[in-house]
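Trainee: Once you've had a glance at the structure underneath, I'll fire off some questions.
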Amino acid sequence: MSTERDDLAAYDAFTEGIRLLASTNAHAATIALERARDLEPEQGSIREALGRAYFGCGQIPAAAAEFERATEIDPVNDYAHYGLGLCLLRAGDRAGARRHLKLAVAMRPLDDYQAALAQVTDPVH
């Protein structure tokens with residue numbers, strides 16, 4: 001069970017991690033976001049952000065684990081489904097990627113989501 005102090009520390013670490021991600025410093029963001037995750041492991045937004053940071057560092061299996069946990073915590077997190085789909089695509093799991101990318105597109109038909117889905121539905125790729 002978290003205390004108010006832990007909640008504040010997790011929030012501070014999360015906002016620092018998001019700031020670092022926005023400045024394209026994914027490696028530093030992972031440190032702050034891991035701290036936030038350790039304090040608040042059931043926060044889907046933290047798991048999604050950590051997945052983004054890991055992905056930015058090229059740590060695809062770690063990113064996939066965080067995106068997967070984010071989708072378990074919040075099944076309607078379109079970005080987590082998109083991120084997980086990209087990770088699965090990189091790992092060669094086209095069927096798994098297609099499933100998560102379809103969900104992301106159904107929730108929010110963004111151009112990036114649709115382009116990623118086209119990669120797993122287009123027979124040329």
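The values are calculated or read from the model by the stated rules, or taken from the named source; none is laboratory data. Nothing here was measured: the structure is a model prediction, and the numbers come from that model. Using ideal geometry, Cβ is built from the backbone for each residue, glycine included, and neighbour counts are taken over all protein chains shown.
Trainee: What number of residues within segment 1-41 are among the small types (Gly, Ala, Ser) and surrounded by 19 or more Cβ atoms within 10 Å (Cβ to Cβ)?
Mentor: So the count comes out to 7.
Trainee: Looking at (1) outside the structural domain of Thr15 (by TED's automatic domain parsing); (2) aromatic (Phe, Trp, Tyr); (3) out of contact with any His (no Cβ under 8 Å at 6 or more places or on another chain), which is the one condition that is false for Tyr82?
Mentor: (3)
Trainee: Quick check on my filter: what residues within segment 16-36 are touching a Gly at 6+ places or on another chain (Cβ under 9 Å) and assigned to a helix (DSSP H, G or I)?
Mentor: Leu21, Ala26, His27, Ala28, Ala29, Thr30, Ile31, Ala32, Leu33, Glu34, Arg35, Ala36
Trainee: In addition: Which of the residues that make up segment 24-50 are closer than 12 Å to Ala9 by Cα and not charged (D, E, K, R)?
Mentor: Ala32, Leu33, Ala36, Leu39 - these are the residues of segment 24-50 that are closer than 12 Å to Ala9 by Cα and not charged (D, E, K, R).
Trainee: Next question. Are any residues in segment 1-15 hydrophobic (A, V, I, L, M, F, W, C), part of a helix (DSSP H, G or I) and over 14 Å from the mean Cα position of the chain (by Cα), and if so, which ones? Please lay out each step first, then the result.
Mentor: So in segment 1-15, the residues hydrophobic (A, V, I, L, M, F, W, C) come out as 1, 8-10, 13-14.
Imposing the further condition that a residue be part of a helix (DSSP H, G or I) reduces the set to 8-10, 13-14.
Passing the criteria: Leu8, Ala9, Ala10, Ala13.
Trainee: Oh, and also: If only one of Thr15, Thr71 is touching a residue at least 12 places away in the same chain (Cβ under 8 Å) and not charged (D, E, K, R), which one is it?
Mentor: Thr71
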